[in-house]
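The values are calculated or read from the model by the stated rules, or taken from the named source; none is laboratory data. Keep in mind that what you see is a predicted model, and the values were worked out from it rather than measured. Virtual Cβ from ideal backbone geometry, glycine too; neighbours counted across all protein chains shown.
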Amino acid sequence: MSTDNIIGKKYEADYEISFEKIKEFAEVLGDKNPHYIDREFVKSIDGGHPFAPPTFAAIYCQPALKNLYLDSEFSKLVSRLVHGEQEYSFGEPVRSGDLIHTTAEVVENFNKTNRSGKVHQIIEIMTTSTNQNNKLVCTATYRLIIRGE
Amino acid sequence: MKVKDKSKVKIGKYMPYYYAGVSLDYNLIHIDREFAQANGLPDIILQGMCTMGLTAKHIIENDHPSKIKTFKVRFLNPVLPADELNFKSHQNDNEINVEVSNQNGNKVLRGQVTVR
């Protein structure tokens, strides 16, 4: 395949966490957890800003991933891409007002034959996200399947 | 953290569009039926990250999100608009196994969560 040289490709981007975006995200998921949507409730716990849900990581990692997807070699694959596996490990909590810096890197790229004999391409992307205090907030592994033509 | 055993979510007809809007995941398999079908799918499919987000909601409910230490999932089958998802979890101390199936009993997601 013409995408053998994508391993090691690395992109980064910043994302500023806003309360409005957290609320929109929670609303789409029908999530009424007050840690996300109730500013006064969170203030009463520790005086800080509302928290982001764990899978909000998909939002703050998106700009770095987008830069990767826009890469000429990667963009050819996106139409056949499905999400196979996803893994997160969380550090410091992410809260509204935080500035998150994410690095996304392609770490695996190989072919795999499935039970019906079709060859799929597997790509693994690792992201590392830190906050404005340079504390690790999240590492993630995206396992993507590029379905065989 | 004590997780409940079961919950249910009905996926709205427009859910892939709403999730596309909030996540900027506009991959055409989520929003264009013709494109999805031309690529061998039965219909537009829900973003895997949306199903994972709903699974996180099932686990955390109104608890503190920082209690989640790790969360990993495998997407087993596509989730379609109007599917009804059944979430089942089993907790063993700080480890939770979770499984999500649709109205036909097909498993769509399997995952593990560790809590602090």
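On inspection, A:Ser116 does not qualify as in contact with an Asp or Glu (Cβ under 9 Å, 6 or more places away or on another chain), within 14 Å of chain B (Cβ to nearest Cβ) and farther than 20 Å from B:Gly48 by Cα.
Looking at B:Asn27, B:Asn102, B:Asn62, which one is polar (S, T, N, Q) and surrounded by fewer than 17 Cβ atoms within 10 Å (Cβ to Cβ)?
One residue alone meets the criteria, B:Asn62.
Checked against (1) in contact (Cβ under 8 Å) with a residue 12 or more places away in the chain; (2) touching a strand residue (DSSP E or B) at 6+ places or on another chain (Cβ under 9 Å); (3) closer than 19 Å to A:Thr55 by Cβ, B:Pro65 passes all but condition (1). Taken over region B:52-78, the criterion of being out of contact with any Phe, Trp or Tyr (no Cβ under 7 Å at 6 or more places or on another chain), among the β-branched types (Val, Ile, Thr) and more than 7 Å from chain A (Cβ to nearest Cβ) is satisfied by B:Ile59 alone.
Each residue in region A:2-38 was checked for being over 17 Å from the mean Cα position of the chain (by Cα), surrounded by fewer than 14 Cβ atoms within 10 Å (Cβ to Cβ) and either of a type in the set (Ser, Thr, Tyr) or on the phi < 0 side of the Ramachandran plot (or both), and 5 pass. Within region A:28-55, can you find the residues that are within 7 Å of chain B (Cβ to nearest Cβ) and in a helix (DSSP H, G or I)? Hits for region A:28-55 are A:Val28, A:Pro34, A:His35, A:Pro54, A:Thr55.
For region A:90-147, residues that are modelled with pLDDT under 95, assigned to a loop (DSSP other than H, G, I, E, B) and surrounded by 15 or more Cβ atoms within 10 Å (Cβ to Cβ) total 1.
Restricting the first member to region B:39-51 and to residues that are closer than 19 Å to B:Gln112 by Cβ, and the second to residues that are among the acidic types (Asp, Glu) and surrounded by 15 or more Cβ atoms within 10 Å (Cβ to Cβ), the beta-carbon pairs closer than 8 Å and six or more apart or on different chains are B:Met49/B:Asp25. Among the residues of region A:79-95, at least one is small (Gly, Ala, Ser), more than 24 Å from B:Thr114 (Cα to Cα) and within 9 Å of chain B (Cβ to nearest Cβ). Of the helices (runs of 4 or more DSSP H) lying entirely inside region B:1-87, those containing at least 2 residues that are out of contact with any helix residue (DSSP H, G or I) (no Cβ under 8 Å at 6 or more places or on another chain) span B:33-38, B:48-60.
Here region B:32-47 is the region considered, the condition is being aliphatic (A, V, I, L, M) and more than 17 Å from the chain's Cα centre (by Cα), and the residue that is nearest to B:Ala20 (Cα to Cα) is B:Ala36. Selection over region A:63-79 of residues that are touching a residue at least 40 places away in the same chain (Cβ under 8 Å), more than 20 Å from A:Thr128 (Cα to Cα) and surrounded by fewer than 17 Cβ atoms within 10 Å (Cβ to Cβ) gives a count of 2.
Count of region A:17-62 residues, restricted to those that are out of contact with any helix residue (DSSP H, G or I) (no Cβ under 8 Å at 6 or more places or on another chain) and either polar (S, T, N, Q) or in contact (Cβ under 8 Å) with a residue 40 or more places away in the chain (or both), is 5.
Yes/no per residue for (1) under 30 Å from A:Ser75 (Cα atoms); (2) β-branched (Val, Ile, Thr):
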{"position": "A:Ile7", "(1), (2)": "yes, yes"}
{"position": "A:Lys10", "(1), (2)": "yes, no"}
{"position": "A:Glu16", "(1), (2)": "yes, no"}
{"position": "A:Ile22", "(1), (2)": "yes, yes"}
{"position": "A:Val28", "(1), (2)": "yes, yes"}
{"position": "A:Asp31", "(1), (2)": "no, no"}
{"position": "A:Tyr36", "(1), (2)": "no, no"}
